[in-house]
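Nothing in this text is a laboratory measurement; each read-out follows from the coordinates by a stated rule. Quantities reported herein were computed from a predicted structural model and do not represent experimental measurements. Note: ideal-geometry Cβ built from the backbone for every residue, glycine included; neighbour counts use all protein chains shown.
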Amino acid sequence: MNDFQRSLPMMLYRTLGSVLPAFRQIYQEFGITEQQWRVLRVLWETDSQSLLALAEATLISSPSLVGIVDRLARNGLVERRRSKTDRRVVHILVTRSGKELEHAVRPRIDEIYNVLEASVSPSLWHSLFEAMDQINRSAAARNKAAQNN
């Protein structure tokens with residue numbers, strides 16, 4: 001077993017503690033929460049998502065997501081639309097105001113990414129993402145195998 005300070009969970013928590021404050025400052029300046037950012041970020045890339053797909057993409061539980069979407073809708077950043085083919089399905093779409101927010105926030109977020117990327121070599125930056133992807137794929141395969149047993 002690794003030393004506690006070098007354990008993967010502690011290293012990930014420490015890294016989040018180093019990285020997130022800069023992002024959180026921007027979210028706060030624009031009046032959104034970290035969870036609202038995650039929802040908006042997905043919608044900026046996809047335009048529309050069902051609540052279920054949005055919960056999966058953002059790693060936010062469906063019950064919590066409903067409240068987050070409610071607040072985003074009250075603030076005019078997203079809207080809900082019922083599916084025309086299945087009335088049980090509700091799609092979440094980003095509004096014009098939500099897209100305007102993206103244009104205001106994205107340059108600031110890109111600056112943070114540029115600073116973070118510059119802190120390591122390009123190959124190490126790429127390897128970091130590849131390693132995290134591989135860990136997640138392996139965990140998903142183990143979980144799927146355990147469910148099938």
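Using alpha carbons only, how many degrees (0 to 90, rounded to 10) separate the axis of helix 62-74 from the longest principal axis of the chain? Between helix and principal axis, roughly 60 degrees. The angle separating the long axis of helix 122-148 from the principal Cα axis of greatest extent in the chain is about 70 degrees.
Karplus-derived 3J(HN,Hα) values for the range 75-92, using 6.51 cos²θ - 1.76 cosθ + 1.60 with θ = phi - 60°, are 8, x, 8, 9, 9, 9, 9, 6, 5, 6, 9, 9, 5, 6, 8, 10, 9, 10 Hz; glycine and proline are entered as x.
So the label point goes 7 Å from the Cα of Thr33 along Cα→C-beta, right? Which residues of the range 57-84 then have their backbone N under 19 Å from it? Only 57-80 pass the distance filter.
So if each residue of separation counts as 0.36 nm, and I subtract the Cα-Cα distance between Asp47 and Arg88, what length gain in nm does that give?
12.8 nm
Rounded to the nearest 20 debye, the dipole size of the chain about its Cα centre is 660 debye, using +1 on the Cβ of Lys and Arg and -1 on the Cβ of Asp and Glu. Across Leu59, Leu128, Leu93, mean-square fluctuation computed from a Gaussian network of the chain (C-alpha pairs under 10 Å connected) peaks at Leu128. Computed from the C-beta positions of Val66 and Ser123 and an R0 of 41 Å, the FRET efficiency is 0.45 to the nearest 0.05. A dipole drawn for the chain from +1 and -1 charges on Cβ atoms has a positive end, and of His103, Phe129, Ser62 the residue lying farthest that way is Ser62. As a rough guide to protection, the peptides 105-114, 38-47 ranked by mean Cβ packing within 10 Å, highest first, stand as 38-47, 105-114.
Measuring nothing but how far apart in sequence close Cα pairs (under 8 Å, 6+ apart) lie, relative to its length, the chain scores a relative contact order of 18 percent.
Estimated from helices alone, the mean residue ellipticity of the chain at 222 nm is -24000 deg cm²/dmol (sum of -39500 (n - 2.57) over DSSP H runs with n ≥ 4, per residue).
Taking only alpha carbon atoms, the range 23-81 gives an Rg to Rh ratio of 0.93, where Rh is the Kirkwood radius. Residues whose amide H comes within less than 5 Å of that of His91, counting only those at least five positions distant or on another chain, are Arg81, Arg82, Ser83 (H built at 1.01 Å from N in the peptide plane). Packing here is the average count of other Cβ atoms within 10 Å per residue, and on that basis the peptides 60-71, 14-25, highest first, run 60-71, 14-25. For the chain, the alpha-carbon radius of gyration amounts to 1.23 times the rule-of-thumb value 2.2 N^0.38 Å expected for a compact globular protein.
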